[in-house]
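The values are calculated or read from the model by the stated rules, or taken from the named source; none is laboratory data. In this text the structure is predicted, and so the values were computed from the model without any measurement. In this analysis, Cβ positions are derived from the backbone assuming ideal geometry, glycine residues included, and neighbour counts consider all displayed protein chains.
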Amino acid sequence: MNAPAEHGTIEQQLAAMLHNQRSAFRAEGPVDIATRRDRLDRCIALLVDNQAQLCEAVNADFGCRSPYVTQMMDIMNSIGSLKFVRKNLKRWMKPERRSPMMPMNFLGAKARVEYQPKGVVGIMAPWNVPINMVFSPLADVLGAGNRAMVKPSEHTPRTAECLQMLIGRYFEPSEITVVTGGPEVGAAFSAQAFDHLIFTGATGVGRHVMRAAAENLVPVTLELGGKSPVIVSQGSDVYKVAETLIMGKAMNGGQLCISPDYCFLPEHQLEAFVRHCQSVIATHFPRIQGNPDYVASVNERHFQRVAGYLDEAEAAGTRIEPLCPPGEARSEPEAHTIALHLLINPDDSLACMQEEIFGPLLCIKTYRELDEVLDYINARDKPLAMYYFGDDRKEREEVFRRTSSGGACINSVAMHVGCDDLPFGGTGMSGMGSYRGRDGFRTFSQARAVYEEGWVNMAKLAGTLPPYGEKIAKMLASQIKK
């Protein structure tokens, strides 16, 4: 959004956009359900009517991303979230009855919670699922009655420009506006005095976003990712696990914040697991290079980053199993496509075990005792997701009792994110706050507590007004006891 100098600095332009939306929000007054549903319907129409154009933009940004992948992960999932909010909105908007303190409830007092729109919400979206990560939070933001300013990632510029053009066609700037640009625009965006700010991206950037938001005391929701572990139980069917896990890892070329990063596998099942992973990939991706179904790294910089993890692991003597035909492990940098690789028992000092991979590498760590697995996971930052494969109910309960993560799946990968009735968010270094469905509606709403006095002035009745005497002494004695 590098506008001419006469239009002011980036900060001034953003502040003007925010002022425009906030003025419109205040002028509108209470946001009725019809208005909210209309905005949700326009989002749905935008996605349905322009899906081919959106798929082309995403493919152009990635270099190779099948339109079917974009339709599934971005468009279908977004429409599902928008429809879920639309369906449940009437129920969520109703005031919630709460219980006033004793004995006021017997004297006609009432208590309730009313959910009000916050105002203008800033959405900072990542590049990996560039459409869904705009419209999924937008469903909750609009459902809660807010307006929105959206900053898509600069790493998917064609998609960002397409979204800016389409949203400008379906919405007034006072309802939703899209801001494009690089890191300097992102920094200025995060410093605006929004009524709420949601950021999805890297932990390091999240720190800067939170620091900037703190200057204006803007509440934030941060979805930051991290290294999500997998635990495969000793009694698991390793062939079934391999198929589910490896296809989950291959999703979007491993470029998902909830993608499995490292997997604990029973030592005696290693070779069978590797063989079946090779078989699964050969079935679904008989070739990697030039295959339109296989998602490339988003750009050459990310390709080189993942390739660097591989090169370092190889130099350290790590066993590496490429899941591809011979000669197809890596493309030339300009095609930025890397096949899925298994890294067997890499040393913990390697970058692939220290940093979020966000690419087509899966680290395998063999184990003998569950305690060593749980100790390892708990010694590290809390992950955004955790995956458990196995049918041992007692062991599963032990794993979930002794660990913490933003979300979790049992005998599947990443499916919890598709459930609009589940909150999505991290914990600790993997983020804070959550959104999706009812939880997202509440995140982007102000929960106003309302107390309504009954037919008796309780303060007078209880003798809690000065001058104090025996009456209040008796009342306090009746309440302050074991």
Among helices (runs of 4 or more DSSP H) lying entirely in segment 141-237, which contain 3 or more residues that are crowded, with 21+ Cβ neighbours inside 10 Å and in contact with a strand residue (DSSP E or B) (Cβ under 6 Å, 6 or more places away or on another chain)?
-> 203-214
Qualifying residue in segment 430-440 (condition: buried (at least 19 other Cβ atoms within 10 Å of the Cβ), more than 30 Å from PRO117 (Cβ to Cβ) and in contact with a Leu (Cβ under 6 Å, 6 or more places away or on another chain)) | no
Inside segment 409-429, can you point out the residues that are crowded, with 18+ Cβ neighbours inside 10 Å and either among the β-branched types (Val, Ile, Thr) or free of Cβ contacts under 8 Å to residues at least 24 places away in the same chain (or both)?
-> VAL413, VAL417, PRO423, THR427
Please go through segment 238-266 and pick out each residue that is of a type in the set (D, E, K, R) and surrounded by fewer than 23 Cβ atoms within 10 Å (Cβ to Cβ).
-> LYS240, GLU243
Any chance you could count how many residues in segment 102-130 are in contact with a helix residue (DSSP H, G or I) (Cβ under 9 Å, 6 or more places away or on another chain), more than 26 Å from HIS19 (Cα to Cα) and not in a strand (DSSP E or B)?
-> 8
Inside segment 377-425, the number of residues satisfying the requirement of being in contact with a Phe, Trp or Tyr (Cβ under 7 Å, 6 or more places away or on another chain) and part of a helix (DSSP H, G or I) is 3
Name every residue in segment 336-365 that is buried (at least 16 other Cβ atoms within 10 Å of the Cβ) and either outside any loop (DSSP other than H, G, I, E, B) or outside the structural domain of CYS263 (by TED's automatic domain parsing) (or both), in order of residue number.
-> ILE338, HIS341, LEU342, LEU343, ILE344, CYS352, MET353, LEU361, LEU362, CYS363, ILE364, LYS365
Segment 77-122, residues that are small (Gly, Ala, Ser) and buried (at least 20 other Cβ atoms within 10 Å of the Cβ) | SER78, SER81, GLY122
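Please determine, by comparing only the residues of segment 21-47 that are in contact with a strand residue (DSSP E or B) (Cβ under 6 Å, 6 or more places away or on another chain) and assigned to a helix (DSSP H, G or I), which one is surrounded by the most Cβ atoms within 10 Å (Cβ to Cβ). So that I can check it myself, show each step before the final result.
Filtering segment 21-47 down to residues in contact with a strand residue (DSSP E or B) (Cβ under 6 Å, 6 or more places away or on another chain) leaves 21-22, 25, 31.
Checking the rest, the ones that are also assigned to a helix (DSSP H, G or I) come to 21-22, 25.
Values: GLN21: 25, ARG22: 17, PHE25: 20.
Of everything passing the filter in segment 21-47, GLN21 is surrounded by the most Cβ atoms within 10 Å (Cβ to Cβ).
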Within segment 149-162, track down each residue that is free of Cβ contacts under 8 Å to residues at least 60 places away in the same chain, of a type in the set (A, V, I, L, M, F, W, C) and touching a helix residue (DSSP H, G or I) at 6+ places or on another chain (Cβ under 6 Å).
-> VAL150
So ASN50 fits all but one of (1) in contact with a helix residue (DSSP H, G or I) (Cβ under 6 Å, 6 or more places away or on another chain); (2) among the polar types (S, T, N, Q); (3) more than 23 Å from PRO423 (Cα to Cα); (4) surrounded by 20 or more Cβ atoms within 10 Å (Cβ to Cβ); what number is the exception?
-> (4)
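Filtering segment 425-476 down to residues that are hydroxyl-bearing (Ser, Thr, Tyr) and modelled with pLDDT of 95 or more, which residue is nearest to PHE135 (Cα to Cα)? Steps first, answer last, please.
Within segment 425-476, the first condition is being hydroxyl-bearing (Ser, Thr, Tyr), and the residues that meet it are 427, 430, 434-435, 443, 445, 451, 464, 468.
From what's left, modelled with pLDDT of 95 or more: 427, 430, 434-435, 443, 445.
Numbers: THR427: 23, SER430: 21, SER434: 15, TYR435: 12, THR443: 16, SER445: 17 Å.
Ranking the candidates gives TYR435 first.
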In segment 234-252, which residues are touching a residue at least 40 places away in the same chain (Cβ under 8 Å) and touching a helix residue (DSSP H, G or I) at 6+ places or on another chain (Cβ under 6 Å)?
-> ILE246
What are the pairs, 6+ residues apart or on separate chains, where a residue within segment 51-69 that is farther than 12 Å from ALA296 by Cβ has its Cβ under 6 Å from a residue that is hydroxyl-bearing (Ser, Thr, Tyr) and crowded, with 20+ Cβ neighbours inside 10 Å?
-> CYS55/THR70; ALA57/THR159
Hey, does segment 34-46 have a residue that's touching a helix residue (DSSP H, G or I) at 6+ places or on another chain (Cβ under 7 Å), under 23 Å from ALA449 (Cβ atoms) and assigned by TED's automatic domain parsing to the domain that holds THR159?
-> yes
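For THR200, are the conditions met, namely being at pLDDT 95 or above, polar (S, T, N, Q), in contact with an Asp or Glu (Cβ under 8 Å, 6 or more places away or on another chain) and closer than 30 Å to VAL399 by Cβ?
Values: at pLDDT 95 or above: yes; polar (S, T, N, Q): yes; in contact with an Asp or Glu (Cβ under 8 Å, 6 or more places away or on another chain): yes; closer than 30 Å to VAL399 by Cβ: yes.
Considered against the rule, which asks whether it is at pLDDT 95 or above, polar (S, T, N, Q), in contact with an Asp or Glu (Cβ under 8 Å, 6 or more places away or on another chain) and closer than 30 Å to VAL399 by Cβ, THR200 comes out as yes.
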